[in-house]
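Structure first, then comments.
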Amino acid sequence: MGADDCVLHHEGSLFIAGLREAGRAYNTERTYAGRTALFLSYCAFQRLEWPRVTVWQLTRFLHWLVETPLPSRVRGGEGPDRFRDANTASAIVGTVCEFLRFGVRMGWVEPELLGQLSEPRYLRFLPAGFDPGEGDQRRTVRSRLIKFASVDAGIEWLTVEQVARLVDVTCHARDQFVVLLLWCTGIRIGEALGLHREDMHLLADSQALGCQVKGPHVHVRRRLNSNGAWAKSRRPRVVPVTSELGVCYADYLHERAMVPQAEGTVQVLVNLFREPLGRAMSYSSVKGLFDRLAQRTGLIARPHMLRHGAATEWIRQGTDRAVVKELLGHVSDSSMDVYIHVPDGAKRAAVERADARRREVTR
């Protein structure tokens, strides 16, 4: 399908606009747009009327998602077949269900469909911090029916040593600053791309800037940005940084000053080596940077892995979970659970201690 075959879908566009009005993150908006378009394209190809889709047809769509090969990433299409995994397919159908619920509210979809998309489920084990309510009335929730059994693949993260390797292969002060900023603060890439120069308080005392927070730090704020960057957390927060990051930032500012087009850009991170020069960096620009760093080091490296790595290291160093939660900008305590990794060395030591005890007993 070429660009000329694409059409703007009115209802789908309103759904995405509704996400924006609800304050959803830019990345969420972009992801949901692609998933919704995929579902609408599937319906058009199968000659289905999407407002009258049935549960059976949605189930067929779920299986089609994992059974249909994805386009090859190799030029000429000669690469190996690629397929979506079950978790990805379930997430796509979850977005479709949200789109259909929006359709019910707008009067496009019959309300009866909503009752068929989920079933009541009793929570035997409550998530941390969940309030079951008086008489346990909140223990029964609605659970989505159309999905594969979830497989927890865990999170991907970078170790201290791997971060050092990434820093070593950077070619520019800006790129080194990007890596160290994400690692030192643990902020999301959207938050980093949304930083303004006024947010960088890297002096020991920032009272001259009207800020009473002591020590070098950055302010993370949600605001509209020309590059579409969006802070996921609605609540602004302050994240302390190291003096080393301040030095790295100074080196970057010297490099940035060599590009006159960057002078009027309020965002911290800008394009210095590719057009359009001086414009705020985009998600795709940072992804390209990390793809190059990954190729040079032989690592799998994505921006969010630095956030996961920072949180993992803080917890391993004995930092209180409440402090880590505040640094990351999490709302729920349960969001911290994914960062608690048991080191391979600790697992091996446990096995060897147990076996040593067994040999001692059998002597």
Inset, instruction - Please list, ordered by first then second residue, the pairs with beta carbon atoms under 8 Å, 6 or more apart or interchain, first in the stretch 272-297 and within 18 Å of GLN162 (Cα to Cα), second outside any helix (DSSP H, G or I) and β-branched (Val, Ile, Thr). - result: LEU293/VAL169; LEU293/THR170; ALA294/ILE300; ARG296/VAL169; THR297/VAL169
Inset, instruction - Please enumerate the residues belonging to the stretch 158-185 that are within 26 Å of VAL323 (Cα to Cα) and outside any helix (DSSP H, G or I). - result: LEU158, THR159
Inset, instruction - For residues that are out of contact with any strand residue (DSSP E or B) (no Cβ under 6 Å at 6 or more places or on another chain) and without any contact (Cβ under 8 Å) to a residue 60 or more places away in the chain, tally how many sit in the stretch 169-206. - result: 6
Legend entry - Scope the stretch 241-278; condition touching a Gly at 6+ places or on another chain (Cβ under 6 Å) and assigned to a strand (DSSP E or B); matching residues: VAL270
Legend entry - Unmet criterion (only one of (1) in a helix (DSSP H, G or I); (2) modelled with pLDDT of 90 or more) for ILE300: (1)
Inset, instruction - With respect to PHE83, determine if the residue is surrounded by 11 or more Cβ atoms within 10 Å (Cβ to Cβ) and either over 17 Å from GLU11 (Cα atoms) or of a type in the set (Lys, Arg) (or both). - result: yes
Inset, instruction - Answer yes if at least one residue in the stretch 221-244 is farther than 24 Å from PHE290 by Cβ, hydroxyl-bearing (Ser, Thr, Tyr) and buried (at least 16 other Cβ atoms within 10 Å of the Cβ), and no otherwise. - result: no
Inset, instruction - Inspect the stretch 339-348 for any residue being farther than 24 Å from LEU299 by Cβ, at pLDDT below 65 and either within 24 Å of the chain's Cα centre (by Cα) or part of a helix (DSSP H, G or I) (or both) and give the result as yes or no. - result: no
Inset, instruction - With the checklist (1) open to solvent by 50 Å² or more (accessible area, probe 1.4 Å); (2) out of contact with any strand residue (DSSP E or B) (no Cβ under 8 Å at 6 or more places or on another chain); (3) farther than 22 Å from THR28 by Cβ; (4) not in a helix (DSSP H, G or I) in hand, flag the one item ARG60 doesn't pass. - result: (4)
Inset, instruction - Answer yes if at least one residue in the stretch 32-50 is touching a Leu at 6+ places or on another chain (Cβ under 8 Å), surrounded by fewer than 13 Cβ atoms within 10 Å (Cβ to Cβ) and touching a residue at least 60 places away in the same chain (Cβ under 8 Å), and no otherwise. - result: no
Inset, instruction - Would you check which residues across the stretch 207-218 are open to solvent by less than 50 Å² (accessible area, probe 1.4 Å) and either aliphatic (A, V, I, L, M) or touching a residue at least 24 places away in the same chain (Cβ under 8 Å) (or both) and list them? - result: GLY215, PRO216, HIS217, VAL218
Inset, instruction - Give the residues of the stretch 314-328 that are within 15 Å of LEU182 (Cα to Cα) and within 19 Å of the chain's Cα centre (by Cα), sorted by residue number. - result: VAL324, LEU327, LEU328
Inset, instruction - Specify which of the listed residues (LEU145, LEU100) is modelled with pLDDT under 75, over 30 Å from LEU253 (Cα atoms) and open to solvent by less than 90 Å² (accessible area, probe 1.4 Å). - result: LEU145
Inset, instruction - Go through the residues of the stretch 66-79 one by one and say whether even a single one is over 30 Å from ARG223 (Cα atoms) and in a helix (DSSP H, G or I). - result: yes
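The values are calculated or read from the model by the stated rules, or taken from the named source; none is laboratory data. Everything numeric here is computed off the predicted structure, so don't read it as measured data. No Cβ is skipped: glycine too gets one built from the backbone with ideal geometry, and neighbour counts run over all protein chains shown. With ligands, DNA and RNA removed, areas are computed over all heavy atoms of the protein, side chains included. Shrake-Rupley method; radii C 1.70, N 1.55, O 1.52, S 1.80 Å.
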